[in-house]
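As structure tokens, the structure follows; a few thoughts come after it.
The values are calculated or read from the model by the stated rules, or taken from the named source; none is laboratory data. Fair warning: this is a prediction, and the values are worked out from it, not measured in the lab. Positions of Cβ are generated from backbone atoms using ideal geometry, with glycine treated the same way; all protein chains shown enter the neighbour counts.
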């Protein structure tokens, strides 16, 4: 018979969109948890009774003591936030455990956070699962705003992600995309799971770009993808240690230990790669430099002899790019292919552009991407309708601030609902329609200056990998559309059902049948 503690746990988990708290705690742990919750309930009541905040906190639903609004949250958090916004307004507050969460659904208010008060809000509310494995948060994603973050971001943007550096590694990406074309050509006339195909290709392209690996077996790639997916799942799983930090040392759900084990596996591979590279005498003489070589040069010499990377920062950056690049890139390509198959007229227009620019006998090369304006518009419209990270990564103010006339407490968690703003009918014509042409008519970039459109974020925390993402998404999508004609299996339609998570994926992978388009069959070899 289920006890009262388990009942409370089940109730609290119902509808939670990021997963559910594990039911694996022992009786002593349950007793400890119950005692701590009782103490926090009293403290919560005392603070609420005697604290008078002026200006007030943003409006929001009332919740239970300690649990706050957790029991009432619906599965699709981005859509649920829109529902609450319709009732409470464009900025509101949710209490999740002891953590105050502020949700923003308006570009004008987002501007106050991401632009006007950027320095204050340019911190991350780092999950306990990430802290234990990322050397205390020395990577660029979770590192607090400050001199070290600015130094690391400068190195990433001006050294690793510069045009010259990306150009130097283009041959590595070209090789793996051609291998994908060969693999798909071998399945002509048969259904292909495009989601899986693109995901594995993206993992291989990322591995090749990052450290030049090209001999990974399919089983190794699948294992790599599996562990990346598991780590992303752990980051998105609600962790009692994040809601009640006093319980973090107990790791009641085992999330920290699982995360640390996964990260140790990744770092073991990185350390092996680094050692092998350092032993290679002519490692620095490659014409096509992978990112590892570039990072090691910064580790050894620094930027102009002054700014350098530590060994831990090299490994943390590799992991950032590996995890940040694989799911986001493959998911974007799959959503783009889905929308193009749903809109044959848009597909035909893109094919026409590719044939005009690349010809009908050659593969579309990375060097042609700047000329493929409609392709770029297709990618932008895909990211408008299906932003890969719909709520971006949460910001955290370093001091109590006033935003939109409300008090935003220090160390609260701030969500910016990019998904909602990019589908707002008051901001976009035909917001639910797939209209790439809108990005040909208006000059809207990924830089986050137009707060209606922020798929990569904005301000100093904007994604540092935009340049690489643009190239890889464009290259993969161009290769698939230009080299093959795609048809859906009989009786199937491309659905657009979403599965909410840290990354907004399709509920079901896209399956389609390829037919060769290029008259020059040598391009498929």
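Observations on the model:
- Residues in the range 114-167 that are part of a loop (DSSP other than H, G, I, E, B), on the phi < 0 side of the Ramachandran plot, at pLDDT below 85 and over 18 Å from the mean Cα position of the chain (by Cα): 132, 133, 138.
- Flag if residue 451 is in contact with a helix residue (DSSP H, G or I) (Cβ under 6 Å, 6 or more places away or on another chain), touching a residue at least 40 places away in the same chain (Cβ under 8 Å), part of a loop (DSSP other than H, G, I, E, B) and over 17 Å from residue 381 (Cβ atoms): yes
- Residues that are touching a residue at least 60 places away in the same chain (Cβ under 8 Å) and out of contact with any helix residue (DSSP H, G or I) (no Cβ under 8 Å at 6 or more places or on another chain), drawn from the range 364-383: none
- Selected residue (criterion: nearest to the chain's Cα centre (by Cα)) from residues of the range 168-203 that are outside any helix (DSSP H, G or I), over 22 Å from residue 320 (Cα atoms) and touching a residue at least 12 places away in the same chain (Cβ under 8 Å): 193
- Search result, residues across the range 359-372 that are in a helix (DSSP H, G or I) and either modelled with pLDDT of 95 or more or under 23 Å from residue 346 (Cβ atoms) (or both): 366, 368, 369, 370, 371
- Scanning the range 373-415 for residues being closer than 19 Å to residue 143 by Cα and not in a loop (DSSP other than H, G, I, E, B) gives a total of 4.
- Residues that are at pLDDT below 90 and within 26 Å of residue 75 (Cβ to Cβ) do not occur anywhere in the range 185-198.
- Pairs, first without any contact (Cβ under 8 Å) to a residue 60 or more places away in the chain in the range 388-402, second assigned to a loop (DSSP other than H, G, I, E, B), C-beta under 6 Å, six or more apart: 400/409; 400/410
- From the list 75, 71, the one residue that fits, being over 28 Å from residue 121 (Cβ atoms) and modelled with pLDDT of 80 or more, is 71.
- The residues listed here are 76, 139, 118, 125; of these, the one that is more than 24 Å from residue 501 (Cα to Cα), crowded, with 16+ Cβ neighbours inside 10 Å and touching a residue at least 40 places away in the same chain (Cβ under 8 Å) is 118.
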